[in-house]
1. Do we have residue 26 as within 30 Å of residue 2 (Cβ to Cβ) and in contact with a helix residue (DSSP H, G or I) (Cβ under 6 Å, 6 or more places away or on another chain) here?
2. Could you please let me know if residue 119 is modelled with pLDDT of 95 or more and out of contact with any helix residue (DSSP H, G or I) (no Cβ under 8 Å at 6 or more places or on another chain)?
3. Do any residues in segment 17-33 that are modelled with pLDDT under 95 have Cβ atoms under 6 Å from those of residues that are outside any helix (DSSP H, G or I), where the two are at least six apart or on different chains, and which pairs are they?
4. So residue 42 clears everything in (1) part of a helix (DSSP H, G or I); (2) exposed (fewer than 14 other Cβ atoms within 10 Å of the Cβ); (3) touching a helix residue (DSSP H, G or I) at 6+ places or on another chain (Cβ under 9 Å) except one condition, right? Which one?
5. Would you check which residues across segment 45-103 are more than 30 Å from residue 10 (Cβ to Cβ), outside any helix (DSSP H, G or I) and touching a residue at least 24 places away in the same chain (Cβ under 8 Å) and list them?
6. Taking residue 37 as the residue in question, decide whether it is surrounded by 13 or more Cβ atoms within 10 Å (Cβ to Cβ), out of contact with any strand residue (DSSP E or B) (no Cβ under 7 Å at 6 or more places or on another chain) and farther than 30 Å from residue 90 by Cβ.
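The values are calculated or read from the model by the stated rules, or taken from the named source; none is laboratory data. Here the structure is a predicted model, which means the values were calculated and not measured. Every residue, glycine as well, gets a Cβ built from its backbone with ideal geometry; the counts of neighbours run over all protein chains shown.
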């Protein structure tokens, strides 16, 4: 992932815009895209800061984590439930998620959903 541009560059570009230079001209002068200068100036005017926003992190699990208790209650009630059946049951309570989201939820919480116990390895051939 790329790194955000420096605060020094941001403040110099915004100072040039405040001094009367157009956003496109300031962008050309400092070697950034015109859309970057427009975005930084908009961010400065709305929030009062031109600091870069945080990068990375989990952006998708918030919705399913908000309903953590309901997901775990459904799973506890019937531990042999498939991800698809669980997804349909969650749709009934107003949570629409994908099977992969539920898989990541269980992996994140260290919950295994194996349906049969592991078997010993066999020297002759596969056991199942």
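1. So residue 26 passes the test.
2. Here the answer is no, as residue 119 does not meet what is asked.
3. Hits for this filter: zero, empty list.
4. The failed condition is (3).
5. Hits for segment 45-103 are 61, 67, 79, 80, 93, 95, 97.
6. Judged against the criteria, residue 37 is a match.
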